[in-house]
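The values are calculated or read from the model by the stated rules, or taken from the named source; none is laboratory data. If you're wondering where the values come from, they're calculated on a predicted model, not measured in any experiment. Here Cβ is always computed from backbone atoms with ideal geometry, including for glycine, and neighbour counts include all displayed protein chains. These area figures cover heavy atoms from the full protein model, side chains too; ligands, DNA and RNA do not enter into them. Shrake-Rupley method; radii C 1.70, N 1.55, O 1.52, S 1.80 Å.
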Amino acid sequence: MQDRILIIDFGSQVTQLIARRIREAGVYSEIVPFQKAETALDWPGLRGIILSGSPASVHDENSPRAPERVFTRGLPVLGICYGEQTMCAQLGGRVEGSDHREFGKAFVEVKEASALFDGVWEKGERHQVWMSHGDRVTAIPPGFKVVATSEGAPYAAIADEQRQFYATQFHMEVVHTPDGAKLLKNFALEICGCRGDWSMAHFKAEMIAKIKKQVGFERVICGLSGGVDSAVTAVLIHEAIGEQLTCIFVDHGLMRLNESEEVVRLFREAYNIPLVHVDASETFLGELAGVTDPERKRKIIGKLFIDVFEAEAKKVGGAAFLAQGTLYPDVIESVSFTGGPSVTIKSHHNVGGLPERMNMKLVEPLRELFKDEVRLLGHELGLPAHFVGRHPFPGPGLAIRIPHDDVTREKLDILRKADAIYLDEIRKAGLYDAIWQAFAVLLPVRTVGVMGDGRTYDQVLGLRAVTSTDGMTAESYPFDHSFLARVCTRIINEVKGVSRVVYDVTSKPPGTIEWE
């Protein structure tokens, strides 16, 4: 039976990072909103519980709480930030507002040994952590001891070793707490006794069995976007049910250079998966004519995709299930800690849901995985490495990489060629896998230039490349000048219609994973 760690979510924007760290330790973890946590306490294989952070205060009316059974279940419990505060408030301690708030880098001093610190921190040492709290614990519950303090938090880490209850005011799940992943690994393996043997091969085998059980002998339709998520979804389901699966690829004409052809070739020739390829580019470009607002573009593309997909699904007929490449970040982002899970079914365009009139049951085999885990599964399924490792690409495609300007075939051709040159040079330099996402943007700006003996009034092209460990934040990639000069020279010489190229060095704050 697979060992599990339950993460009870109180609404922190970094809760999913806790799940990532636990999975990196080889233990399966799953996030459940606090309103749904009671039933999760009966999961088979449950070995421990983690209480997440939250933007709430324990003093707020109707602020979230852990089910009381969390503390009587007999399992190890770890509270992080708000998780520590609600643990203390619920077990007889005291939490108060503070004038000395801590946000950002801080340092804790280890006061006592603890199973949470074994092999990582020793008594008397001082270590960097990441704090983000206004309230603070001012009295700990009976049975607890102080194991670490900081300047603004006298109870930065506490422990009740007998009951195996642990809590920290700092966020150990973020990279800004350098030893945080080791502490979480200690909790999962040493304190909870998990085996640490969870792998993508295990996941693949379990998911194939689940798909077979869920689908039975019914037919499934999968909407392909051309991206990694839907491709992995399709190949996994095909491995489970074979010819019961039909894929529909709605080609909106907004893909990168040669990508549409690659998708068709991969599924028809390499995997022999039944595929309906619909070239709807004329329809999409017609509806987008004259539209400059990025949000309007999104909505138009999303609606059209659903309309075309629905029409093709009716032609196929007889399918009881719809397969989607929903990922775990989609699930987490659709959960409000105050209002519960959203009822919206996300399409791969992230612009709306599928209409209820389709009356199909969902198959979402990737909804428990993060993006990098989907890539690992893709490798496990034998998908080509270059395909699985492709940079994220937004559902609306190149349309929103022509910002605040209308979308035409001419502009799309310019953007495709320039983007292909940029990525080609990145690959030649051996940098593709070191970059989270790189792409070109055709700016709504024209500039005067001189090429040869003539004056030009062509467009400005922007280049962006960012690095990221988890997609939550990102920094611009520090290309050297010679690389950028080489890329710019090629684009100016080979792409008619561009007279100037600029590189964007801005960073991405916390928010959605997809950066456009």
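General observations
- Mean Cα-pair separation over length for the chain, i.e. relative contact order, pairs under 8 Å, 6 or more apart, %: 10 percent
- Take the Cα of ASN272, step 7 Å toward its Cβ, do the same at GLU190, and the gap between the two points is 5.3 nm.
- The accessible-area ordering, largest first, of the residues HIS386, HIS133 stands as HIS386, HIS133, per a 1.4 angstrom probe.
- Using a Förster distance of 22 Å, the FRET efficiency for ARG94-THR72 (Cβ separation, nearest 0.05): 0.55
- With the whole protein complex present, PHE393 retains an accessible surface near 50 Å², based on a 1.4 Å probe.
- Multiplying the residue separation of LEU484 and PHE217 by 0.36 nm and removing their Cα-Cα distance gives an extension gain of 90.7 nm.
- Pairwise centroid distance, computed over Cα atoms, of segment 1-57 with segment 360-384, Å: 20 Å
- Amide H contacts under 5 Å for PHE165, placed H, 5+ residues apart: VAL77, ASP160
- Derived scalar couplings between HN and Hα for segment 395-404 equal x, x, x, 6, 4, 8, 9, 10, x, 6 Hz in order, rounded to whole Hz, by the Karplus curve 6.51 cos²θ - 1.76 cosθ + 1.60 (θ = phi - 60°), x for Gly and Pro.
- Cut-off under 5 Å, modelled amide H: who pairs with LEU245 long-range: VAL220
- From phi via Karplus (6.51, -1.76, 1.60), per-residue ³J(HN,Hα) for segment 321-327 in Hz, x at Gly/Pro: 10, 10, 9, 10, x, 5, 9
- A simple rule links phi to the HN-Hα coupling: the Karplus curve 6.51 cos²θ - 1.76 cosθ + 1.60 with θ = phi - 60°, which for segment 47-62 gives 10, x, 10, 10, 9, 7, x, 6, x, 7, 10, 5, 8, 5, 5, 6 Hz, with x for Gly and Pro.
- Solvent-accessible area, 1.4 Å probe, carbon plus sulfur percent, for the chain: 49 percent
- Residue pairs, from the table LYS303/LYS496; LYS185/LYS212; LYS315/LYS411; LYS123/LYS185; LYS303/LYS361; LYS123/LYS145, whose Cα atoms sit over 25 Å apart: LYS303/LYS496; LYS185/LYS212; LYS315/LYS411
- Every helix of 4 or more DSSP H residues in the chain counts as -39500 (n - 2.57), and over all residues that averages to -9000 deg cm²/dmol at 222 nm.
- For the chain, the solvent-accessible area of protein heavy atoms averages 43 Å² per residue (probe radius 1.4 Å; ligands and nucleic acids excluded).
- Segments 298-311, 160-173 sorted - mean Cβ within 10 Å per residue, highest first: 160-173, 298-311
- Rounded to 0.05, the FRET efficiency of the LYS123 and ARG296 pair, given R0 = 60 Å and the Cβ-Cβ distance, is 0.50.
- Where a label projected 7 Å from the Cα of ARG409 along Cα→Cβ would reach, residues of segment 284-313 with amide N under 16 Å: 284-290
- Projected label points at LYS361 and ARG163, each 7 Å from Cα along the beta carbon direction, are separated by 4.2 nanometres.
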